[in-house]
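K.L.:
Below you'll find the structure I mean.
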């Protein structure tokens, strides 16, 4: 069992070191990966967004992370599993504020109670033309989640130790919103397929964690 305090101390150590960036992200990227083509895909007019990877303890001190399942709608991320987050607004001071504001709006946490630890590498998402900054933060007690039904179908509370279980990392054929199948690695969390950008962010996270041992 991964204790909350133990996980936060480890995260602080991890984030003092250089980020692995694409080396970590690519471990969970859809196949095949053509890095040169990927770099050319990044449009100059990309939009900025941010997400929050939030760590919290349950009543026994075990460490969890919440994921959200998006409702089905006419859009590229319909029905997908993601971290809470969204588009940067002009009123946001910076992307950290974007991550906190969006998380408060989507899952009802109190943004003022979140301590940010740092951020992982930015990730470009071609289908929606977003450059997303993933922030890591924690709260010291289990939140009373209040999901916004327009943005969140359900919240999945995942123990951190589950993410480290290599048995949940799988590869398979996934139906993309663009209407074609892609061969992609994914995390199987509570029978949900976590793939694409969220899986790539988790790829960097698990890479950093495993690089340093535990």
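Quick note: the coordinates plus some simple rules give every number you see, no bench work behind them. Quick caveat, the model's predicted, so the values are computed rather than measured. Note that we place each Cβ from the backbone using ideal geometry, even for glycine, and neighbour counts take in every protein chain shown.
K.L.:
How far apart, in nanometres, would the label points at residue 212 and residue 87 be if each is projected 7 angstrom from Cα along the Cα-to-Cβ direction?
P.N.:
Once both label points are built, they end up 3.6 nm from each other.
K.L.:
Report the extension gain between residue 190 and residue 112 in nm, rounded to one decimal, defined as 0.36 nm multiplied by the number of residues separating them, less their alpha carbon distance.
P.N.:
Stretched fully, the residue 190-residue 112 segment lengthens by 25.1 nm.
K.L.:
Stretched out fully, how many nm does the piece from residue 170 to residue 183 gain, at 0.36 nm a residue minus the Cα gap?
P.N.:
Between residue 170 and residue 183, full extension yields an extra 3.6 nm.
K.L.:
Ok, one more. May I ask you to derive the FRET efficiency for residue 154 and residue 94 from their Cβ-Cβ distance with R0 = 30 Å, giving the value to the nearest 0.05?
P.N.:
With R0 = 30 Å, the Cβ-Cβ based efficiency is 0.50.
K.L.:
Gain in length, residue 58 to residue 3, computed as 0.36 nm per residue apart minus the alpha-carbon separation, to one decimal in nm?
P.N.:
Full extension of this stretch gives 18.8 nm more.
K.L.:
Run through the DSSP bridge list for the chain and note the antiparallel percent, rounded to the nearest 5.
P.N.:
Here the antiparallel bridges make up roughly 80 percent for the chain.
K.L.:
Do the sum for the chain: with -39,500 (n - 2.57) for every DSSP H run of n ≥ 4, divided by all residues, what is the mean residue ellipticity at 222 nm, to the nearest 500 deg cm²/dmol?
P.N.:
Result for the chain: -7500 deg cm²/dmol, rounded to the nearest 500.
K.L.:
What is the distance in Å between the Cα centroid of the range 1-66 and that of the range 111-151?
P.N.:
Computed from Cα coordinates, the inter-centre distance equals 10 Å.
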